[in-house]
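Student: Dropping the structure in here first, questions after.
The values are calculated or read from the model by the stated rules, or taken from the named source; none is laboratory data. What you see is a predicted model, and the numbers here were worked out from it, not measured in a lab. Cβ coordinates were reconstructed from backbone atoms using ideal geometry, including for glycine residues, and neighbour counts include every protein chain displayed.
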């Protein structure tokens, strides 16, 4: 079920009154189209990739808890669900999924997956971060590489909504980008220092906080310095 499909165009170049970037059929790393918010190319490049390790870690922790073995499927909000790689794993494991993405093509790709037959356990919303609105209570809020693309002016409100939605004993799984990442110089990205990222979880027990820092290179020799925090955190009861 698609809960809400806005009429507003969600292509970032439309919002700025610019022309779309030219199609890019070349192979290469997924981060290269993400740098310019070319999401159709990004979705194509991550096709076939496995679920994110933060999601798998959180699901493993839930599997070990007796409290998750009830008659009602637990709900995961998949923030920035894209083409549904993580959502497919969640549904395979019996979770209800509320997927949110700011790009129509991502949701269309998700619905085209064979794993997603019509089900009341799947709800989709097309929304930008600034249009996010209230979120339903959830056991897991999954934000795989999505929150850094929230503009800084909206981040605190969006983050507060995320924290409020997570039930006591529920979890966050996802990534923050660090302040030494190449993209930290891009004005519409949200980045945090290590201490500032950890401070965002003063409401939780941090179960995973892996700091990744490395250089990557695309097929044309363009270098990107990665500085990423991979995080799983459990809300205190």
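Student: Residues being modelled with pLDDT under 90, under 24 Å from residue 160 (Cα atoms) and out of contact with any helix residue (DSSP H, G or I) (no Cβ under 6 Å at 6 or more places or on another chain): count how many of those fall in segment 81-126.
Tutor: Residues in segment 81-126 being modelled with pLDDT under 90, under 24 Å from residue 160 (Cα atoms) and out of contact with any helix residue (DSSP H, G or I) (no Cβ under 6 Å at 6 or more places or on another chain): 0 in total.
Student: Tell me the residue from 111, 55, 140, 107 that is in contact with a strand residue (DSSP E or B) (Cβ under 8 Å, 6 or more places away or on another chain), part of a helix (DSSP H, G or I) and within 21 Å of residue 229 (Cβ to Cβ), please.
Tutor: Of the residues listed, the single one that is in contact with a strand residue (DSSP E or B) (Cβ under 8 Å, 6 or more places away or on another chain), part of a helix (DSSP H, G or I) and within 21 Å of residue 229 (Cβ to Cβ) is 55.
Student: While we're here: Quick one: residue 189 ticks every box in (1) touching a helix residue (DSSP H, G or I) at 6+ places or on another chain (Cβ under 7 Å); (2) outside any loop (DSSP other than H, G, I, E, B); (3) within 26 Å of residue 50 (Cα to Cα) except a single one, so which number is it?
Tutor: (2)
Student: Taking segment 202-237 only, how many residues are modelled with pLDDT of 95 or more and part of a strand (DSSP E or B)?
Tutor: 19
Student: Still on this structure, please answer the following. Tell me which residues, restricted to segment 64-104, are assigned to a helix (DSSP H, G or I), touching a residue at least 40 places away in the same chain (Cβ under 8 Å) and touching a strand residue (DSSP E or B) at 6+ places or on another chain (Cβ under 7 Å).
Tutor: 67, 86, 90, 104
Student: Shifting gears a bit: Could you run through segment 143-174 and say how many residues are in a strand (DSSP E or B) and crowded, with 22+ Cβ neighbours inside 10 Å?
Tutor: Qualifying residue count for the region: 7.
Student: Return yes when residue 174 is closer than 19 Å to residue 59 by Cβ, within 14 Å of the chain's Cα centre (by Cα) and without any contact (Cβ under 8 Å) to a residue 40 or more places away in the chain and no when it is not.
Tutor: no
Student: Would you point out which residue out of 78, 63 is under 20 Å from residue 175 (Cβ atoms) and modelled with pLDDT of 90 or more?
Tutor: On inspection, the qualifying residue turns out to be 78.
Student: Exactly one condition in (1) in contact (Cβ under 8 Å) with a residue 12 or more places away in the chain; (2) surrounded by fewer than 21 Cβ atoms within 10 Å (Cβ to Cβ); (3) over 19 Å from residue 51 (Cα atoms) is false for residue 117; which is it?
Tutor: All conditions are met except number (1).
Student: Something else: Which one is surrounded by the fewest Cβ atoms within 10 Å (Cβ to Cβ) among residues in segment 38-60 that are farther than 16 Å from residue 145 by Cβ and modelled with pLDDT of 95 or more?
Tutor: Per the stated criteria, the residue is 60.
Student: Limited to segment 207-227, what total is found for residues that are closer than 18 Å to residue 58 by Cα and surrounded by 14 or more Cβ atoms within 10 Å (Cβ to Cβ)?
Tutor: Looking only at that region, the number is 3.
Student: Further question: When you check residue 129 against the structure, is it under 17 Å from residue 82 (Cα atoms), modelled with pLDDT under 95, surrounded by 15 or more Cβ atoms within 10 Å (Cβ to Cβ) and over 15 Å from the mean Cα position of the chain (by Cα), yes or no?
Tutor: no
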